[in-house]
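Here the structure comes first, spelled out in structure tokens, and everything after it is commentary.
The values are calculated or read from the model by the stated rules, or taken from the named source; none is laboratory data. Here the structure is a predicted model, which means the values were calculated and not measured. Cβ sites come from the backbone with ideal geometry, for glycine too, and all protein chains shown count toward neighbours. Calculation scope for accessible area: heavy atoms of the full protein, side chains included, ligands and nucleic acids excluded. Shrake-Rupley method; radii C 1.70, N 1.55, O 1.52, S 1.80 Å.
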Amino acid sequence: MKTVVLSTEEDGDNQVKGRVKKAKSVSKEVRLQLEALLAEKSRLAYENTDLTRENQCLRQLVEYHQFASQDLSASYENLLEGICLDFSSPLATPTGEDAIDGDTQDSPNSESSL
């Protein structure tokens, strides 16, 4: 019976050694996965910082553009208030030959009618 007990003890030792090897390989895989996850987390944090900085710059650019547009539109409105633009048809006034030929002969105040 002693041989049976020894073989059982050896089997038990072999099982323990097998479990230890398996545990070591699993822990190594877990460690590698954790390292990969930490590297990915670091990369994403860096990318997030860059995107946050870019977002802040874009917000400042939009704010500047809105401010500049308001300033320009106010200046443009002030400019237009100072200028009187009349797009109606011009009044018909005799000029040039029309004034000499037509209107001066018929006018009661002209010298020829006096």
**Report entry** Formal net charge of residues neighbouring Arg19 (Cβ-Cβ distance under 13 Å; K, R +1; D, E -1)
**Finding:** +2
Query raised in the report: Excluding ligands and nucleic acids, what accessible area in Å² is computed for Ser27 using a 1.4 Å probe, to the nearest 10?
Result: 70 Å²
Report summary line: In nanometres, the difference between 0.36 nm per residue of separation and the alpha-carbon distance of Ala68 and Leu32 is 7.6 nm
